[in-house]
Amino acid sequence: MKSLKNILRPLLQSSRDLAPIVLVIGFFQLMVLKEPIPNLGGLLFGLALVMLGLAFFVRGLDLGLFPLGEAMAYAFARKGSLFWLLCFAFALGFGTTAAEPALIAIADEAAAVAATGGMIIDTLESREQYALGLRLTVAVSVGCAIMIGVWRILKGWPLHLMIACGYVLVVLMTAIAPAEIIGIAYDSGGVTTSTITVPLVTALGVGLASSLKGRSPMLDGFGLIAFASLLPMIFVMAYGMLI
């Protein structure tokens, strides 16, 4: 009985999460456009799959990724090795970002537009090199961001001041960076946080703050994702100025 409740609870939660989207689409399709919903059967089947996917994903986070991230944070804290903790933070950010499908799509599109606009030579090799360079730049930036976030937790530095200084740097770089790279840089900050990175990084931060004396999970454990969204903008604008 208890296991059945554990399965039904995520299904009910995912259905509630999808309900506003369904209502908005249905309202504008039927009341504003005043047209029947095309392929209603396929749409309902797709919504059911999305609901199941969200339910299993949330359940998987609860059972797997969140406990894994917290357990590794506790293990690194007990080990007392700052070097390996920072190495793990960088590897986590770099590895998950480099394979992020949204980033791959953005990089490929940016390379195609850059070739069309004459920023790079319009050859397949040049486009692939540009896209790869952009992906690696963003991946390195996220790795560094997680390292900085972990270092902030260890030192207890104020999050708001570091984020504010980071955005001041973003504004200053925007004034001198090539106009063609600014939009790509800003979008790069939004596509770096994937469905795997976010729970693992969040669990790492909360677990690390919980295992350190004098640190609060609420005050110090969160904020790593903010760094992961901020640093790619800085790194990609720098990449654009160099390229």
Requested in this report: Could you please tell me which pairs satisfy a Cβ distance under 9 Å, a separation of 6+ or placement on different chains, a first residue in the range 23-52 that is farther than 22 Å from Gln13 by Cα, and a second residue that is part of a loop (DSSP other than H, G, I, E, B)?
Outcome: Gln29/Glu35; Gln29/Pro36; Gln29/Ile37; Gln29/Pro38; Leu30/Pro36; Leu30/Ile37
Report task. Would you be able to say whether some residue in the range 182-189 is assigned to a helix (DSSP H, G or I), of a type in the set (Phe, Trp, Tyr) and under 17 Å from the mean Cα position of the chain (by Cα)? Result -> yes
Report task. Provide a single number: the residues in the range 172-181 that are open to solvent by 50 Å² or more (accessible area, probe 1.4 Å) and either modelled with pLDDT under 95 or not in a helix (DSSP H, G or I) (or both). Result -> 4
Query - Subset of the range 213-231 [within 24 Å of Ala139 (Cα to Cα) and either free of Cβ contacts under 8 Å to residues at least 24 places away in the same chain or outside any helix (DSSP H, G or I) (or both)] - result: Gly221, Phe222, Gly223
Report summary line: Within the range 192-201, the residues that are open to solvent by 30 Å² or more (accessible area, probe 1.4 Å) and in a helix (DSSP H, G or I) are Val198
Requested in this report: Would you be able to say whether some residue in the range 53-64 is at pLDDT below 75 and either touching a His at 6+ places or on another chain (Cβ under 6 Å) or open to solvent by less than 50 Å² (accessible area, probe 1.4 Å) (or both)?
Outcome: yes
Requested in this report: State whether the residues of the range 38-47 include one that is within 16 Å of the chain's Cα centre (by Cα) and polar (S, T, N, Q).
Outcome: no
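The values are calculated or read from the model by the stated rules, or taken from the named source; none is laboratory data. These numbers come from a predicted model, not from an experiment. FYI the Cβ positions are ideal-geometry reconstructions off the backbone, even for glycines, and counts take in every protein chain you see. Heavy atoms of the whole protein, side chains included, go into the accessibility calculation; ligands, DNA and RNA do not. Shrake-Rupley method; radii C 1.70, N 1.55, O 1.52, S 1.80 Å.
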